[in-house]
1. Which whole-number percentage describes the relative contact order of the chain, with Cα contacts under 8 Å and a sequence gap of 6 or more?
2. Compute the distance in nm between two label points, each set 7 Å from the Cα along the Cα-to-Cβ direction, one at residue 125 and one at residue 160.
3. So if we plug the beta-carbon distance of residue 88 and residue 141 into 1/(1 + (r/R0)^6) with R0 = 25 Å, what FRET efficiency do we get, rounded to 0.05?
4. Report, in degrees rounded to the nearest 10, the 0 to 90 angle that the Cα long axis of helix 14-29 makes with the longest principal axis of the chain.
5. Assign one of three labels to the range 27-113, namely rounded, prolate or oblate, based on the Cα gyration tensor with a ≥ b ≥ c the square roots of its eigenvalues; rounded applies when a/c is under 1.5, prolate when it is not and a/b is larger than b/c, and oblate otherwise.
6. Could you tell me how many degrees, from 0 to 90 and to the nearest 10, lie between the Cα long axis of helix 123-145 and the main elongation axis, the longest principal axis, of the Cα atoms of the chain?
7. Just grab the label-to-label distance for residue 117 and residue 28, each label 7 Å out from Cα along the Cβ direction, in nm (one decimal).
8. I'm spelling it out carefully: the read-out is Cα extents along the principal axes in Å, the candidates are (1) 61, 42, 36; (2) 69, 37, 32; (3) 83, 37, 30, and one was derived from this structure. Which label?
């Protein structure tokens, strides 16, 4: 009987092992700093597995960013769902983000790091734009639910604070920036006019 080519019970597939390795190495060291051979060796798979599954390194980076997108946005949405107060729902986004700042393996925003090293028109740029649209869209949605007259404007303002908090926490090695970011967000939320725009 020929050996099975399906993953054994409890053992991740080559795709999952490659994504796990990419997630660990790319986030810790940077997309450009880590070569394909290191990812393959770390994953313990054949080189052919990478090319048959992801096509090339850019495809693997895209899959890594897409996975990170799902994890991060899921974390934000769970935090929002845990409260009913409209203002607290907006602030819950910052609470979820601040929990990341405390982690010993926090290295800033994976999308900022990856896109800084990538072409402006490739898969990495697409993944970054998709993530940023979804975070902004979440702010727009929550601002509208809170009765903000111009939810688009408030969403842009809050996303600037969201981005800046992550950059400061990483570059300044200052996880304690989180309460400051949250306080700034609250000021903007409370100052924003209520009622229908127009």
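Coordinate-derived values only; no laboratory data. For clarity, every value in this text was computed on a predicted model and none was experimentally measured. Virtual Cβ from ideal backbone geometry, glycine too; neighbours counted across all protein chains shown.
1. Here the relative contact order equals 19 percent.
2. 2.4
3. The computed FRET efficiency comes out at 0.95.
4. 60
5. Prolate, because a/c is 1.5 or more and a/b exceeds b/c.
6. The helix 123-145 is inclined about 30 degrees to the chain.
7. Placing both labels 7 Å beyond Cα along the Cβ direction yields 1.4 nm.
8. (2)
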